[in-house]
Each structure stands twice: as structure tokens, then as C-alpha cells.
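Notes to accompany the following structure.
The values are calculated or read from the model by the stated rules, or taken from the named source; none is laboratory data. As the structure is a computational prediction, the values presented were derived from the model and not from experiment. Don't worry about glycine lacking a Cβ; one is built from the backbone with ideal geometry, like all the others, and counts go over all protein chains shown.
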Amino acid sequence: MMLEKALARLNHQPPQLEPGHVWLAGAGPGDPGCLTLDVLAALAQADAVVHDALVSPAVVAVAEGAELFYAGKRGGRPSMKQEDINALLLRLAREKRRVLRLKGGDPYVFGRGGEEALALAREGIPVRVLPGLTSAFGAMAVNGIPATMRGINKAIILATGHTADDDDLDWAALARTGQPIVVYMGMKTLPVIAAALLEGGRAADTPVAIIEAATTPQERVLIATLGNIVVQAAAQEISSPALIVVGDIVSVRAELMGGS
Ligand code: SAH
């Protein structure tokens with residue numbers, strides 16, 4: 001069946017982007033195939049798109065007629081300050097543009113989407129949220145790592161490693177749950193996190209996967225153990241964006257993907 005026919009059969013009316021409204025949307029982990037229909041419809045309607053570095057250029061390019069604003073990191077320079085992003089969104093909305101704020105993954109998972117939505121809501125700007133596939137679940141799914149697996153885990157922890165070297169998050173307590181932990185933004189603090197998890201009682205032979213640039217043509221996957229992941233990641237020069245998956249769910253991959 002042709003895609004157009006499938007869409008017609010779905011009989012789904014994509015929401016309309018109103019002038020002066022902001023749509024806070026998630027573009028998924030990278031692969032355009034992970035976009036939702038509503039985010040695609042929003043890209044087609046927007047006349048101003050404010051996007052992060054994690055959104056694929058091919059996805060941004062769909063918004064053909066829109067003015068594009070880049071709010072991410074560029075060439076190692078610090079990202080735009082959050083208050084400047086909020087101010088930009090506010091200005092565009094007040095100019096009665098159809099504003100699409102597009103983030104990688106899901107807008108409400110470690111992307112400061114909640115802060116942006118609150119800042120706009122406080123100024124009386126209508127905000128509508130379009131969910132996206134968060135990178136952790138996309139990255140695991142395409143790489144043979146089930147997020148939950150009967151007999152292995154009953155919960156899964158999503159954590160940010162961003163502040164792990166100066167932390168109010170009790171990594172040892174997370175370790176003691178015995179449940180798999182997926183760390184976003186953890187490459188800089190990987191040595192601290194690995195040490196804290198070992199300290200908390202996770203075994204040194206616990207399997208660990210690091211998935212770099214998941215679902216993009218640059219994707220790389222490193223499989224190691226909690227005991228040697230720091231050395232291995234340095235040797236392979238794994239860098240951001242990357243997700244660190246710690247736990248026995250990682251060992252399912254070998255069987256699913258033929259031992260790789
Ligand atoms: N809102 C996003 C997360 C933003 S925080 C989401 O739901 O996925 C940014 C972090 O997300 C990165 O440092 C990295 O840990 C992770 N990330 C996002 N996209 C990724 C990708 N394609 N591959 C690996 N990690 C990714």
C-alpha cells in the first residue's frame with residue numbers, strides 16, 4: 001500500500017498550528033523515521049522553527065518556508081542561554097508566528113522543555129506539546145537492548161550524568177536497586193558515575209553499552225563492562241551525544257544481533 005493511501009486510511013487530522021502559539025515538539029533520536037506524524041505536520045506548517053543541535057538537518061529542512069533559529073551548541077561554544085531561548089520563543093509568539101520549538105528526543109526528557117513551557121505559560125502564550133521518542137528508548141530498541149525483559153528487570157532508570165561530579169543524585173542508591181540505568185549527558189562524568197555505581201555494589205562485570213549518535217549514520221556502539229568501560233570509552237574516543245546503558249539487559253544484544 002502506498003504511504004499516501006495509508007495516511008488517508010488513518011483518517012487522522014493533524015493539529016493546526018495557530019499564529020501566536022508555540023509547539024514544543026520532540027524530533028526523536030535522529031533517524032527521520034522516528035518522527036511522529038504530528039511533528040511532521042508541524043514542520044510543514046511552522047513559520048518559525050527554533051531547534052537544537054540534536055535535531056537532524058534533514059528534519060529541520062522539512063520546514064521549507066520557515067525562518068530557522070539555532071539554539072544549540074556550535075563549534076564548542078556554549079549553547080544559547082536558557083533565558084535567551086525563552087525570550088526568543090516569547091518574541092516570536094508575540095509576533096504572531098506559528099512557532100515550532102523542536103528538540104531532540106522527547107521535549108520533556110532532560111531537554112529543559114518543562115522550563116520553556118512554564119516560561120511561556122506564565123506569559124499567557126498557549127503551548128502545545130508534541131511528544132517524541134526519547135533517545136534512550138530509540139537507541140536501545142535499534143541496538144538489540146530491550147528496555148525491559150522479563151526475568152531481568154522490573155524497572156528502568158533514566159538519569160542525567162550532567163552534574164554527576166557535583167551531585168545531589170545518589171548514584172550508590174540507584175546502583176542498589178539492581179535495575180538497569182540509562183545515563184544521558186554522561187560522557188564527561190563517566191569515570192565518576194562508574195566509580196559510584198561500583199561503590200554502590202554493582203558488579204564490575206555488569207555489561208555496559210555506550211551508544212553514540214544513535215539512529216544516525218554516525219552511530220557507534222561500544223560494549224564493555226562496568227569495570228573497564230572508562231578505559232574502553234577513552235580508547236574508542238566515544239563522545240557526545242551518547243547514552244550509557246548499565247545492566248544485564250545489555251547482554252541480550254549478543255544473542256539478538258549474532259554476537260556483536
Ligand atoms: N530530550 C532528549 C535528551 C536531551 S539531553 C531526549 O529525549 O532524548 C541530551 C542528551 O541526550 C545527550 O547528551 C545524549 O546523552 C542524549 N542523546 C540525544 N540524542 C542522542 C542520540 N541520537 N544518540 C545518543 N545519545 C543521544
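In table form, for the structure just shown:
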quantity: When residues of segment 131-149 are limited to those that are part of a loop (DSSP other than H, G, I, E, B) and under 16 Å from the mean Cα position of the chain (by Cα), the one nearest to the ligand (Cβ to nearest atom); calculated: Thr134
quantity: Top-ranked residue in segment 18-44 [being among the β-branched types (Val, Ile, Thr) and outside any helix (DSSP H, G or I); ranked as farthest from Leu120 (Cα to Cα)]; calculated: Thr36
quantity: Top-ranked residue of segment 134-146 - restricted to ones that are surrounded by 23 or more Cβ atoms within 10 Å (Cβ to Cβ) and either among the polar types (S, T, N, Q) or in contact with an Asp or Glu (Cβ under 7 Å, 6 or more places away or on another chain) (or both), ranked as nearest to Asp31 (Cα to Cα); calculated: Ser135
quantity: Ile152 over 15 Å from the mean Cα position of the chain (by Cα), surrounded by 15 or more Cβ atoms within 10 Å (Cβ to Cβ) and either part of a helix (DSSP H, G or I) or within 13 Å of the ligand (Cβ to nearest atom) (or both); calculated: no
quantity: Count of segment 220-246 residues which are in a loop (DSSP other than H, G, I, E, B), among the hydrophobic types (A, V, I, L, M, F, W, C) and away from the ligand (no atom under 13 Å from the Cβ); calculated: 1
quantity: Residue selected from segment 178-219 under the condition assigned to a loop (DSSP other than H, G, I, E, B) and near the ligand (Cβ under 7 Å from one of its atoms), by the criterion surrounded by the fewest Cβ atoms within 10 Å (Cβ to Cβ); calculated: Thr216
quantity: Leading residue by the ranking (surrounded by the most Cβ atoms within 10 Å (Cβ to Cβ)) among those in segment 62-90 that are among the small types (Gly, Ala, Ser) and modelled with pLDDT under 95; calculated: Ala71
